[in-house]
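Structure, as structure tokens:
The values are calculated or read from the model by the stated rules, or taken from the named source; none is laboratory data. What you see is a predicted model, and the numbers here were worked out from it, not measured in a lab. Neighbour counts run over all protein chains shown; Cβ positions are idealised from the backbone, glycine included. In case anyone asks, the SASA skips ligands and DNA or RNA and just uses the protein heavy atoms, side chains included. Shrake-Rupley method; radii C 1.70, N 1.55, O 1.52, S 1.80 Å.
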Amino acid sequence: MPMTDSPRRLLILGASGRCGRRVTREAIRRGFVVTALTKSRHDHLAELGARVLNGNVLDYATLVEAMRGQNAVACCLGIKRKSAVNPLSDLLSPPDFMTRCAGLIIRAMNETGVERLVAISAAGVGDSYVIVTHPVRQLLKVGHLKTAYADLGNMEPQLISSSRDTLIVRPVTLTDLPVRSNARIIERYGLLSMISRDAVARWIVDALERPGRYENAAENIG
């Protein structure tokens, strides 16, 4: 359902990450009352205007407490790597981190009555695998990248099959470059396609503001 009550209350998971920070900033700019659940202290989120709760998203009681009274959830979580710029670097998160998060998030939404969820996944996950290029498909079968994509592949069905109003957003390769064009639905990912994290953040907040239930379970954007 659309969030038409005032204030609009949004819980952001992964708000301290490179996408999460941008979603937090964009949501606050548009008048959302944002709660950010983070594992450690992040003063910059409070400076943006978010209410910051410290806790582990894998702790169910903490997640439920953060979710109470919210209208929607934006999940910007992801597996952490030793190198933020090298997708093949060693993992710092559990290999099933997103799988575990998905189950806990849906369970907490059911308990607290939160209806709407927008979650970031990635190009090549689920049925978008067939619209990435052959070299990319081969890369997704290698090492830690294979593990991370398998984890997202296990996350998505849990979210999509729930009774919640859920949207999965699958962006192509993310960059910190300024926005050069708005995000859009695409039918095929190019080999060197990239998209600004700011553009993805705008797409996510736009999606949170849409009226009615989501027509599609997932959107491939670039």
Checklist entry - Translational D (Stokes-Einstein, µm²/s) of the chain at 10 °C and 1.306 mPa s when Rh comes from the Kirkwood sum over C-alpha pairs? => result 91
Checklist entry - Counting DSSP beta bridges with both partners in the range 1-157, what percentage is antiparallel, nearest 5? => result 5
Checklist outcome for this item: Partner lysines whose C-alpha sits under 17 Å from that of residue 80, ignoring same-chain residues fewer than 8 away, are 39, 146
Next on the checklist: Looking at the chain, identify the longest residue range that excludes and avoids all GluC sites (Glu not before Pro) in DSSP loops having at most 13 other Cβ atoms within 10 Å.
Outcome noted: 1-186
Next on the checklist: Can you tell me, using C-alpha contacts under 8 Å and at least 6 residues apart, the relative contact order of the range 1-133 as a whole percent?
Outcome noted: 23
Checklist entry - Mind listing which trypsin sites (Lys or Arg not before Pro) in the range 153-203 are in a DSSP loop and have 14 or fewer other Cβ atoms within 10 Å? => result 180, 184, 188
Item to check | Mean projected area in nm² (Cα convex hull; one quarter of hull surface) for the range 21-150 | outcome: 8.8
Checklist entry - So how strong a dipole does the range 4-111 carry about its Cα centre when Lys and Arg Cβ are +1 and Asp and Glu Cβ are -1, to the nearest 20 debye? => result 320
Checklist entry - What dipole magnitude, in Debye to the nearest 20, does the chain give about its Cα centre under +1 on Lys/Arg Cβ and -1 on Asp/Glu Cβ? => result 440
Item to check | For the chain, with +1 on Lys and Arg beta carbons and -1 on Asp and Glu, the positive-most of 171, 60, 193 along the dipole | outcome: 193
Item to check | Positive-end residue of 135, 109, 121, charge dipole of the chain with Cβ unit charges | outcome: 135
Next on the checklist: Once ligands and nucleic acids are excluded and a 1.4 Å probe is used, how much of residue 206 is accessible, expressed in Å² to the nearest 10?
Outcome noted: 70
Checklist entry - Of 152, 208, which has the most accessible area with a 1.4 Å probe, and how do the rest follow in descending order? => result 152, 208
